[in-house]
1. I need the calculated FRET efficiency for the pair residue 115 and residue 79, taking r as the beta carbon distance and R₀ as 45 Å, to the nearest 0.05.
2. Please list, in order, the residues from segment 102-127 whose amide nitrogen is less than 17 Å from a point placed 7 Å along the Cα→Cβ vector of residue 153.
3. So which lysines can residue 82 reach, going by Cα to Cα under 18 Å and dropping same-chain residues fewer than 8 places off?
4. Using the per-residue mean of other Cβ atoms lying within 10 Å as a proxy for protection, in what order, highest first, do the peptides 106-113, 188-195 fall?
5. Please sort 28-38, 172-182 by packing, taking for each peptide the average over its residues of neighbouring beta carbons within 10 angstrom, highest first.
6. For residue 49, what charge total do you get from the other residues with a beta carbon under 12 Å from its beta carbon, if Lys and Arg give +1 and Asp and Glu give -1?
Amino acid sequence: MTRLSRLILAVSAVTVFGMAAGCANKRFESPQAAPQTADEQRVIADFKKRVGAYEGVSSKHRAAGRPSTSELDPGTIHARQKELASRIIKALPEWRQGAIFTPEISVLFQRRIAQVVNGPDGANIKGAIFDDAPPTMTVKVFAEYPTGVPIATVPAQMLELLPVLPKELEYRFLGRHFILMDIAAFLIVDVIPEAIK
């Protein structure tokens with residue numbers, strides 16, 4: 001068993017005990033995001049366990065480096081983001097693409113994304129996602145979100161079909177790539193390449 005696998009198992013146990021304390025800050029999941037089959041239930045449970053493992057590590061480092069209210073100028077914020085990203089990367093040396101978006105999870109997400117972009121309002125949704133999208137680019141896990149590239153939000157119709165995330169993580173599009181982003185560290189945590197065909 002690799003260190004990453006042991007970390008996922010350990011943090012998933014800790015997450016259960018921390019859920020009660022975090023209820024006040026919990027985001028509510030849309031009913032449409034619920035698993036439709038026993039197989040989807042297993043895949044979504046695995047996704048949430050993996051997200052919890054990452055969040056267990058990153059939250060410790062966020063707490064240690066939280067800036068004071070006097071440190072709100074853009075230069076300081078960016079320096080803090082880079083420092084936090086560096087701490088997270090050092091804490092997870094075995095992290096790689098697919099650590100959260102496994103092949104099974106990627107297939108489920110792509111299926112739900114396609115459900116929206118191929119729906120009745122699909123052309124408008126694609127237009128909104130690709131508006132000001134960067135040219136074709138390679139997205140690397142544990143890289144800083146590219147400077148100067150607009151941050152494309154995920155349409156509400158799509159978010160309703162996806163599992164809820166902790167407040168420090170967000171789904172984003174980077175061109176056709178679907179990414180999981182740590183907004184405090186401005187860090188790309190994982191990616192589903194070419195999620196929109």
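Computed from the coordinates by the stated procedures, all read-outs in this text should not be read as laboratory data. The model shown is predicted, which means the values in this text are computed figures rather than measured ones. Virtual Cβ from ideal backbone geometry, glycine too; neighbours counted across all protein chains shown.
1. 0.65
2. Label zone hits: 124-127.
3. 60, 90, 140
4. So the peptides 106-113, 188-195, ranked by packing, come out 188-195, 106-113.
5. The packing order, highest mean first, is 172-182, 28-38.
6. +1
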